[in-house]
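Data first, discussion second: the structure below is written as structure tokens.
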């Protein structure tokens, strides 16, 4: 059987190589490619997605999986071989349900829609993007049909990003989050003046931002020889290979949001970087799910990057990067400013307390779109209504409203819930990390992050996709999704800041 297993791995290596090329082309499209290249890039991506899909769903893969079934079940469950056969079979059976033409059309439509979304956002013109949203939703409805029967239409889309997760489970977690967050945000609002964040707006020269980001990222684990950082409209992270991690950010001359975006994307990049290299070029060689992935980015951005010990160490570095900018401010003041709670329009700039409300409203809108309860043409009005309901603010234009995120242009409906699920998972992981690394605050205060990186590598990162996300969480924290650790963390942190 080892010979047949080797044949399967060789075929899977080829599929992953094609997928890797797709990732590099997508990275280039979002960072370096001139806008005029979008048409050709759409054709290239469509062709490569088709080739990858054809190779992965070929009958020969199914024959090999069938021949290896008994052999795989006889192996140790935790072995790379048993895990590869288990996960590949699930991926294969799911992929075989989707017609090749539909898969290629989804990739082509996404590649064409993204530059239109950028222009529509720049012009704050929903009607310019509306036909592309309508097409994306229609394609997703066709995709859902491939997986009937499902308990809810949205289940088929959610499973692409959170394997094994059901819409009803997410809804229950989000309801519990809302029950804890809404009163906390209301309490904070009554003491809004207790925190002054004016020091984080003003003039921040690009050179100073890059200097500060560079020092922090290198301390985190950014290696110049194997990582890079580039500019883009909507920050993301990707990997071109085991020694090729690509982070992106979006600088603004009047604030430091790029700094926290860099920390966030570092968390994603570190996860990919620390997956066991033996799993590279196989279906196991990436993160377990987008929710688990997001737990890593939110941890580095917020639980480390917005912590008091962190700024007790890095405040002088920030002051040196922007001479005179923080005169009269100390580390405690900077820490409090970085944790100001204020309902805002833009998801990626939202504070820790209100962020999940941004996700919940998107989760609800997406369910309505794919079920037919909401027409894409009415998405703008529905968006504005939910922002007012959950965040209590008016949306002045579509650039800061329904067009602020790139996800729908890429057809990534079902993706948004993973952000809040990542916050929940980060709370559960953080609770265990604090028990097992009791001197973490002291290490952070000294600018040392090696022990945290190693804990994450050993317990989460190295496994890649060997386990389903729910199974991985059970192994690491001893239970399933539980929003209570996150809520406890938020209440303790912001209760202290705001004197609740």
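Derivation of every value follows stated rules applied to the coordinates shown; laboratory data play no part. As the structure is a prediction and not an experimental result, all values here were calculated from the model. Note that we place each Cβ from the backbone using ideal geometry, even for glycine, and neighbour counts take in every protein chain shown.
Points to keep in mind about this one:
- Helical runs assigned H by DSSP (4 residues or longer) give the chain a calculated mean residue ellipticity at 222 nm of -20500 deg cm²/dmol, each run adding -39500 (n - 2.57) before division by the residue total.
- Kirkwood estimate for the chain, i.e. one over the average of 1/r between Cα atoms, Å: 23.7 Å
- With R₀ set to 22 Å, the beta-carbon distance separating residue 90 from residue 278 gives a calculated FRET efficiency near 0.60.
- Shape call, the range 133-276: gyration tensor on alpha carbons, a/c limit 1.5: oblate
- Over the range 167-498, relative contact order from alpha-carbon pairs under 8 Å, at least 6 apart, %: 23 percent
- The chain: angle of helix 59-74 to the longest principal axis, Cα-based, in degrees nearest 10: 80 degrees
- Spin-label model distance (nm) - residue 317 vs residue 130, 7 Å beyond Cα toward Cβ: 4.8 nm
- On full extension, the segment bounded by residue 148 and residue 25 gains 41.0 nm, given 0.36 nm per residue less the C-alpha separation.
- Measuring r between the beta carbons of residue 500 and residue 462 and using R0 = 56 Å, the FRET efficiency lands at 0.90.
- Spatial separation of Cα centroids for the range 112-174 and the range 256-275, in angstrom: 25 Å
- Based on Cα contacts under 8 Å between residues 6+ apart, the range 90-240 shows a relative contact order of 13 percent.
- Take 150-160, 356-366 and order them by the average number of nearby Cβ atoms within 10 Å per residue, most first; the result is 356-366, 150-160.
- With an a/c value of 1.5 or above and a/b not larger than b/c for the gyration tensor axes a ≥ b ≥ c computed over the alpha-carbon atoms, the range 407-500 is described as oblate.
- Using R0 = 56 Å, the C-beta based FRET efficiency linking residue 393 and residue 4 works out to 0.40.
- For the peptides 27-37, 5-15, 108-118, the ranking by packing is 108-118, 5-15, 27-37, with the highest mean count of neighbouring Cβ atoms within 10 Å listed first.
- A crude spin-label estimate for the pair residue 349 and residue 172, with each label 7 Å from Cα along the Cβ direction, gives 3.8 nm.
- Relative to the longest principal axis of the Cα atoms of the chain, helix 206-220 runs at roughly 60 degrees.
- Subtracting the Cα-Cα distance of residue 73 and residue 442 from their residue separation scaled by 0.36 nm leaves 128.3 nm.
- Inter-label distance for residue 192 and residue 100, nm, one decimal - labels placed 7 Å from Cα along Cα-to-Cβ: 5.8 nm
- Helix axis angle, 308-321 relative to the chain longest principal axis, alpha carbon, degrees: 80 degrees
- Fraction of antiparallel bridges per DSSP, the chain only, in percent to nearest 5: 50 percent
- Applying 0.36 nm per residue to the separation of residue 218 and residue 55 and subtracting their alpha-carbon distance, the gain on full extension is 54.8 nm.
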